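The values are calculated or read from the model by the stated rules, or taken from the named source; none is laboratory data. Note that the coordinates shown come from a computational prediction; the quantities given were computed from them, not determined experimentally. All Cβ positions, even for glycine, are placed from backbone atoms using ideal geometry, and neighbour counts span all protein chains on display.
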Amino acid sequence: MECDLILLPHPRQLVLSDKTMALPPDGLICIEADQVQPLLMAARQLQASANALPGMRWAIVGGTAVPADRICAVLSLVPGSTVHSQGYMLTIADGRIHVVASTPAGLFYGVQTVRQLLGQCGRTVPELRCVDWPDFPNRGVMLDVSRNRVPTMATLLELIDLLASWKINQVQLYFENAYAYQQHAGVWQDVSPFTAAEIAEVDRFCRDRFIELVPNQNSFGHLTNWLLHPEYSHLAEAPEGCATEWGSRSTPFGLQPTEESLNFLRTLYDELLPNFCSRQFNVGLDETIDLGKVRSKEIAEQVGVGRLYLDFLLKIHREVRARGRTMQFWGDIITHYPELVRELPRDAVALEWGYEADHPFDEHGALFAASGVPFYVCPGTSTWNSLVGRTANAVENLRNAARSGLKHGAVGYLITDWGDNGHWQPLPSSYVGLAAGAGYAWAFDANRDLNLADVVGQHAFKDATGIMGRIAVDLGDIYRLAGFHFHNASVLFRILQADPDDLIKWMQNNEVPEPAPRLRAVLDAIDGIMGNLANVEMQRPDAELIKREFTWGANMLRHACWRAMWVLGKERGTENDTLRQWLQKDADKLLPEYEAIWHARSRAGGFRPSMARLERMRQPYLAGDAERQR
C-alpha cells in the first residue's frame, strides 16, 4: 500500500487489501437513488476532492444508465442496507469506489471517509472494504459564543464544515445575550450578536451537511449580562449579589423562579426558536448558585432548594413542549438531589457534563439510566482557562465520557468548548479536543488509542509534516511541568490573571515547594516545542494565522513563568526591577498581537472586555514605575 491511512473517525471495521488501484482521470460519480437532490452535497464534495488531484476530472450523473467503463464511483441509497441508519458500507475494488447506505446521512459519512483517503493517497488508493456506523446517534459540539468571543460567520461556517467531515451531526451555540433579540436590544448592543438572518443561514449550511443546529439559551443561571440592566433587575434572585459556593458575589446571577421570569423566557423562546429547524432546545438551567439565597429564600426553606429548582424546571419544560420541542437541560443541579431525578419528564434530555479527567460520568449516568431519563454525556476540550489546552486532561475526560455513556445507554455525546475568563484561547487550540471527541463519539473502541498528533495534524491542520499536530498536543500539556494542579484550569493561566499579592498568598497557603526550577523547565520545554514551528507545512489558507496564534499562546505561557518568578522575588523581599521592566515591555508586545489575532476570527463586540483582562495583567508592572516616580 502506497499510503499510511490516518482516518478521523477511524472506521469500526476496515479490511485493507495488499492491492492498490489507480483511479481513472476522467469518469463519472453515479448517484443511485430515486432522488438525486438529497445526495448532491455528498457527491459534490467527493467530486471536489477527486478533482483537486492532478489531472482528475470527474462529473456527477443521476443513475447508472451510463457506459460502465466511465463509472468511477457509485453512491447507492438502499433503504435497510445497513445495521444503523447512519451507517455505510464502502468498497474500493474493480476500478471503482462504491458507497452503500440506508439514508442520505449514511452516504454522506461514507463519502467523508473516501475524501480522507483521496487526500492522503492521491490517485492510487488501496483496495478495501469498510463497514461502519456510530456508537452515539447524536454527536455534537457546543461552542461558547457568550463569553466575549463571537466568531465571524466565515469562521463558524468553516469550523462546521470541518466538524461535518469528522461525522459530527449536532452543533449548538451557547447563548446568554449573544442573540439579537429585537424585544431586548439593550442587552446585546455591544456584543456583536448573531442575528435571525445569520442563524437561518447557519441552519441551512448545517442541514446541507446533515448537522442539526440545536438552539441553546440559558434560562435560569448565568444571566448576569441581562440582570445588570435596570429593566431586568426585578427578575433577579439576588439583585445585589450574595454569598455563594463560588464565594461572595456583588452582582446578580440567576432568575428568581417566578411567573414574571417565565413571561420573560417566553419572549425569548418565541423570538429565537422559529429560526431553527431543530425540534430540540437546550434551555441550560446549570449552576444556579444563588437559588434560594435571597428573594426565594423563604419558599426554599419551606420546600427545599432541590424542589424549588425542579418545580421551575417543570414549568420551563411545559413551555418548551408547547412550542413543539424536546427540552435539553444541563444535569448538574438535579444530580445533587438524586431522590428527585425520578420526577423528571421522560421526554426531556439531561446533559451530564463534567470537565476533569475523573468526573463521575459513571455514577451520574447510572442515576439517569435507572430513572429512565434519556441523557447525553458532555465532556470538554479543556481549552478554556488554559490558552493552549490541557491535553492529557481533555483526552481522559473525553474517553471517560464515552466509556460511561456507552455503558449506561447515553443517547448522545456533546463536546463542549467554553470561553471562561475572557475566552483568551484561539480557536485552533481546541482542534485537539474536538478531533479526539469526534473519534470517541463515532466508534470508541476503534478510536480510543488514536495518535492525536498525527490525526490533528492531518485532518485539522492539513500539515503533511505532522509537526503542527505534535506542537498542538505537546504545548497543551506544558503546564503540567509546573507541578501545580488547578481545578478546571492551567496554573500558568491562573498566574496571568491573578493579582501578584493574591498569588503570593496562594503560594503561602498551599506551601508550594521551590517552583523556580520547574518554571525554568517549562520555559525550556516551550522553546523545544516551538522551535519546530518553522518547519510546518500546512495546506490551509489561514496557515500563517495559525502559526501566529500558537506563537502568541506560547509567548503568553513564557510570560506566565517569568511573572511567577518576579512574584517569587517580591514574596522574598528581593524586588527585581529589571525583570519587572522586561515584563512590561513583553506585555506591550503581547496585547497588540492579541488584538490582531482576535479580529482575524472573532467579531468586535466582545474584544474590549476580553482585552481588559490582559490590561489588568499588565497593570502591576506599570505600578512599579509609579512607585519609582514617587
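Which ranges mark the helices (runs of 4 or more DSSP H) fully within segment 286-366 that have 3 or more residues being surrounded by 21 or more Cβ atoms within 10 Å (Cβ to Cβ)?
Working: elements: 297-303, 305-322, 338-341.
Those helices (runs of 4 or more DSSP H) span 305-322.
Restricting the search to segment 569-597, which residues are among the hydroxyl-bearing types (Ser, Thr, Tyr), part of a helix (DSSP H, G or I) and without any contact (Cβ under 8 Å) to a residue 24 or more places away in the chain? So that I can check it myself, show each step before the final result.
Restricting attention to segment 569-597, the residues satisfying the condition of being among the hydroxyl-bearing types (Ser, Thr, Tyr) are 574, 578, 594.
Among the residues that remain, those that are also part of a helix (DSSP H, G or I) are: 578, 594.
Once the filter is applied, which keeps residues that are among the hydroxyl-bearing types (Ser, Thr, Tyr), part of a helix (DSSP H, G or I) and without any contact (Cβ under 8 Å) to a residue 24 or more places away in the chain, segment 569-597 yields only Thr578.
Which of (1) without any contact (Cβ under 8 Å) to a residue 40 or more places away in the chain; (2) surrounded by fewer than 19 Cβ atoms within 10 Å (Cβ to Cβ) does Ala180 not meet, given it meets every other one?
If we test Ala180 against (1) without any contact (Cβ under 8 Å) to a residue 40 or more places away in the chain; (2) surrounded by fewer than 19 Cβ atoms within 10 Å (Cβ to Cβ), just (2) comes out false.
Can you name the number of the only condition in (1) assigned to a strand (DSSP E or B); (2) free of Cβ contacts under 8 Å to residues at least 60 places away in the same chain that Ala154 fails?
With (1) assigned to a strand (DSSP E or B); (2) free of Cβ contacts under 8 Å to residues at least 60 places away in the same chain applied to Ala154, the lone miss is (1).
Hey, any hits in segment 141-154 for a residue that's modelled with pLDDT of 95 or more, in contact with a Leu (Cβ under 6 Å, 6 or more places away or on another chain), of a type in the set (A, V, I, L, M, F, W, C) and farther than 30 Å from Phe281 by Cβ?
no
Go through segment 233-290 residue by residue and tally those that are in contact with a strand residue (DSSP E or B) (Cβ under 9 Å, 6 or more places away or on another chain) and of a type in the set (D, E, K, R).
Within segment 233-290, residues that are in contact with a strand residue (DSSP E or B) (Cβ under 9 Å, 6 or more places away or on another chain) and of a type in the set (D, E, K, R) number 7.
Within segment 590-616, which residues are touching a helix residue (DSSP H, G or I) at 6+ places or on another chain (Cβ under 8 Å), of a type in the set (D, E, K, R) and under 20 Å from Asp542 (Cα atoms)?
So in segment 590-616, the residues touching a helix residue (DSSP H, G or I) at 6+ places or on another chain (Cβ under 8 Å) come out as 590-591, 593-602, 607, 610-611, 613-616.
Filter again for of a type in the set (D, E, K, R), leaving 593, 595, 601, 613, 615-616.
Scanning segment 590-616 gives Glu593, Glu595, Arg601.
So for segment 236-246 (the condition being crowded, with 22+ Cβ neighbours inside 10 Å, within 23 Å of Gln183 (Cα to Cα) and modelled with pLDDT of 95 or more), does at least one residue qualify?
Looking through segment 236-246, at least one residue is crowded, with 22+ Cβ neighbours inside 10 Å, within 23 Å of Gln183 (Cα to Cα) and modelled with pLDDT of 95 or more.
Give Ser278, Ser261, Ser250 a once-over and let me know the one that is under 28 Å from Ile199 (Cα atoms), modelled with pLDDT of 95 or more and part of a loop (DSSP other than H, G, I, E, B). So that I can check it myself, show each step before the final result.
Values: Ser261 fails: part of a loop (DSSP other than H, G, I, E, B); Ser250 fails: under 28 Å from Ile199 (Cα atoms).
Just a single option satisfies the conditions, and that option is Ser278.
Give the residues of segment 543-602 that are among the small types (Gly, Ala, Ser) and at pLDDT 95 or above, sorted by residue number. Step through it out loud before you land on a result.
Of the residues in segment 543-602, the ones among the small types (Gly, Ala, Ser) are 543, 553-554, 560, 564, 569, 573, 587, 596, 600, 602.
Selection gives Ala543, Gly553, Ala554, Ala560, Ala587, Ala596, Ala600, Ser602.
Tell me, please, whether a residue that is buried (at least 24 other Cβ atoms within 10 Å of the Cβ), aromatic (Phe, Trp, Tyr), in contact with a Gly (Cβ under 9 Å, 6 or more places away or on another chain) and part of a helix (DSSP H, G or I) can be found in segment 417-433.
yes
Scan segment 284-311 and report the pairs whose first residue is farther than 29 Å from Val214 by Cα and whose second residue is at pLDDT 95 or above and part of a helix (DSSP H, G or I), with Cβ atoms within less than 6 Å and a gap of 6+ or a chain change.
Gly292/Ala300; Gly292/Val305; Gly292/Leu308; Ala300/Leu308
Just to be sure before I move on: is Asn275 surrounded by 14 or more Cβ atoms within 10 Å (Cβ to Cβ) and under 18 Å from Leu308 (Cα atoms) in the structure I sent?
Considered against the rule, which asks whether it is surrounded by 14 or more Cβ atoms within 10 Å (Cβ to Cβ) and under 18 Å from Leu308 (Cα atoms), Asn275 comes out as no.
For residues in segment 434-451 being aromatic (Phe, Trp, Tyr) and either free of Cβ contacts under 8 Å to residues at least 40 places away in the same chain or surrounded by 24 or more Cβ atoms within 10 Å (Cβ to Cβ) (or both), which is farthest from Pro11 (Cα to Cα)?
So in segment 434-451, the residues aromatic (Phe, Trp, Tyr) come out as 440, 442, 444.
After this cut, where a residue has to be either free of Cβ contacts under 8 Å to residues at least 40 places away in the same chain or surrounded by 24 or more Cβ atoms within 10 Å (Cβ to Cβ) (or both) as well, the list is 440, 442.
On the way: Tyr440: 11, Trp442: 8 Å.
Applying the filter and picking the extreme gives Tyr440.
On the given criteria, is Val83 assigned to a loop (DSSP other than H, G, I, E, B), within 14 Å of Ile29 (Cβ to Cβ) and of a type in the set (A, V, I, L, M, F, W, C)? Before the answer, list the steps.
On the way: assigned to a loop (DSSP other than H, G, I, E, B): yes; within 14 Å of Ile29 (Cβ to Cβ): no; of a type in the set (A, V, I, L, M, F, W, C): yes.
The answer is no for Val83.
Restricted to segment 98-134, and to residues that are assigned to a helix (DSSP H, G or I) and small (Gly, Ala, Ser), which residue is surrounded by the fewest Cβ atoms within 10 Å (Cβ to Cβ)?
Within segment 98-134, the subset assigned to a helix (DSSP H, G or I) is 104-121.
Imposing the further condition that a residue be small (Gly, Ala, Ser) reduces the set to 105-106, 110, 119.
Numbers: Ala105: 20, Gly106: 27, Gly110: 27, Gly119: 18.
By that ranking, first place goes to Gly119.
Can you find even one residue in segment 202-215 that is farther than 24 Å from Ala105 by Cα and touching a residue at least 60 places away in the same chain (Cβ under 8 Å)?
Keep residues of segment 202-215 that are farther than 24 Å from Ala105 by Cα, which gives none.
Taking every residue of segment 202-215 in turn, none turns out to be farther than 24 Å from Ala105 by Cα and touching a residue at least 60 places away in the same chain (Cβ under 8 Å).
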